[in-house]
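The values are calculated or read from the model by the stated rules, or taken from the named source; none is laboratory data. Note that the structure is predicted; figures quoted are calculated from it, not measured. Methodologically, a virtual Cβ is constructed for each residue, glycine included, from the backbone with ideal geometry; neighbour enumeration extends over all protein chains shown. The protein model used for the area step is the full one, side chains on, heavy atoms only, and it has no ligands, DNA or RNA in it. Shrake-Rupley method; radii C 1.70, N 1.55, O 1.52, S 1.80 Å.
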There are 2 protein chains.
Amino acid sequence: MTAITIIGAGNIGQAVAGIAAAGGNQVQLLARDLERTQQAATASGAAAGVVGDAITGDVVVLAVPYPAVAEVLGTYGPALAGKVVVDPTNPLDFSTFDALVVPADGSAAAQIQAQVPDARVLKAFNTTFAGTLATRSIGDATTTVLIAGDDADAKAVVADVVRGGGLEAVDAGALKRARELEALGFLQLTLAAGSTIDWTGGFSLVR
Amino acid sequence: MTAITIIGAGNIGQAVAGIAAAGGNQVQLLARDLERTQQAATASGAAAGVVGDAITGDVVVLAVPYPAVAEVLGTYGPALAGKVVVDPTNPLDFSTFDALVVPADGSAAAQIQAQVPDARVLKAFNTTFAGTLATRSIGDATTTVLIAGDDADAKAVVADVVRGGGLEAVDAGALKRARELEALGFLQLTLAAGSTIDWTGGFSLVR
């Protein structure tokens, strides 16, 4: 059993909470609005709180829009030392939907790792729409979560949580591969925003 | 019917020749070694020639490794004006398999467009392994070819060739999206090279 804290109770936060809870893990869900967070937490069997509460998890998922990550790191920075910090963000320029806001040779995950150097940062959950995480399926296939990071133990912990929740997990390589995962997430978002694919679809990984 | 010239008789060149020929298009296959090219052309019903022969196609597919593209453009540059030039390359650093050799904020396709400004360059066929092009399937799904480019008519022509050959085609946006298609192709290659996925697998697009 892993203790997991999810910050953010939007679609991705709720979906990851549901996956983690389904696998019998201890789940804490923190967001800004306590009432809404309690509703989401009740649905998944998580403990609810507000951002600023002490983190109980060894794994912390930053399930907030990328522009809100800086504030979360400002709140919790030193408390994240030693923890596995999972970045599921897609750092799009939402005004144009035509570019990312992180350096071309970097990634949101790399930016986060630089801000919390004593945490073990992973990129995960950014290449699967929330709907395909919640239903565990994309088309006829089981949803696969791609996980990139430099710490093999941290990746194994999160992969176990994913598999325990009924999804597939794949090691996508070192944290520098976050750049490609974010490109994939970005491309997939443009395809759905342009109605080329549905929000229940996207890229499915065939082994 | 479209007249298509494919430069390169490797796995991708042969697969694209087979797709184009299956759809009843006029196919010319050019490569360095005439004997090998004739064998590949016979298999797909294409006309064989060597690099340097006059191009008969209105669509030209650069099915060579990225390092060989410069030489092809040196040979044919002015002859490509007005043509639809399709770039299926994945510009990996093959010595490390850990980076691309094009600028982080650019793409091989953008580099090619800059070298042949009067051609209409498309990115396509780089996110599907040759095996999944040849069999038309990836897992249980029909293989989808992602096509990015700035010329809608050019994209429609290539999409028709793809669909006529029994695959799915999707408009992946402007030529600047080639950067994300190349990131996807790169990620997929690292997964196969590391035996996380098979060369008959990869990312399948669910609509």
Inside segment A:162-207, the number of residues satisfying the requirement of being open to solvent by less than 20 Å² (accessible area, probe 1.4 Å), facing another protein chain (nearest Cβ under 8 Å) and in a loop (DSSP other than H, G, I, E, B) is 2
What pairs come out if I take residues in segment B:40-56 that are on the phi > 0 side of the Ramachandran plot and pair them with residues that are assigned to a helix (DSSP H, G or I) and open to solvent by 60 Å² or more (accessible area, probe 1.4 Å) whose C-beta lies under 7 Å away, six or more apart or interchain? B:GLY52/B:THR75
Quick check: anything in segment A:136-144 in a strand (DSSP E or B), surrounded by fewer than 24 Cβ atoms within 10 Å (Cβ to Cβ), within 14 Å of chain B (Cβ to nearest Cβ) and under 16 Å from the mean Cα position of the chain (by Cα)? yes
Mind checking which residues of segment A:69-107 are away from chain B (no Cβ under 14 Å) and closer than 16 Å to A:LEU189 by Cα? A:PRO88, A:THR89, A:PHE94, A:SER95
Within segment B:150-161, the residues that are touching a residue at least 40 places away in the same chain (Cβ under 8 Å) and either assigned to a helix (DSSP H, G or I) or in contact with an Asp or Glu (Cβ under 9 Å, 6 or more places away or on another chain) (or both) are B:ALA154, B:VAL157, B:VAL158, B:ASP160, B:VAL161
Which ones in segment A:150-174 are farther than 20 Å from A:ALA15 by Cβ and not charged (D, E, K, R)? A:ALA152, A:ALA154, A:ALA156, A:GLY173, A:ALA174
Some residue of segment B:39-55 being surrounded by fewer than 18 Cβ atoms within 10 Å (Cβ to Cβ) and closer than 20 Å to B:ILE147 by Cβ: no
Single unsatisfied condition, A:PRO91 versus (1) within 30 Å of B:GLY106 (Cβ to Cβ); (2) open to solvent by 30 Å² or more (accessible area, probe 1.4 Å): (2)
Residue list for segment B:28-58, filter: assigned to a helix (DSSP H, G or I) and among the basic types (Lys, Arg): B:ARG36
Take the residues of segment A:150-161 that are closer than 30 Å to A:ASP140 by Cβ and out of contact with any strand residue (DSSP E or B) (no Cβ under 7 Å at 6 or more places or on another chain): which is nearest to the other protein chains (Cβ to nearest Cβ)? A:ALA156
Kindly indicate whether A:VAL61 is open to solvent by 20 Å² or more (accessible area, probe 1.4 Å) and either in a strand (DSSP E or B) or farther than 30 Å from A:LEU100 by Cα (or both). no
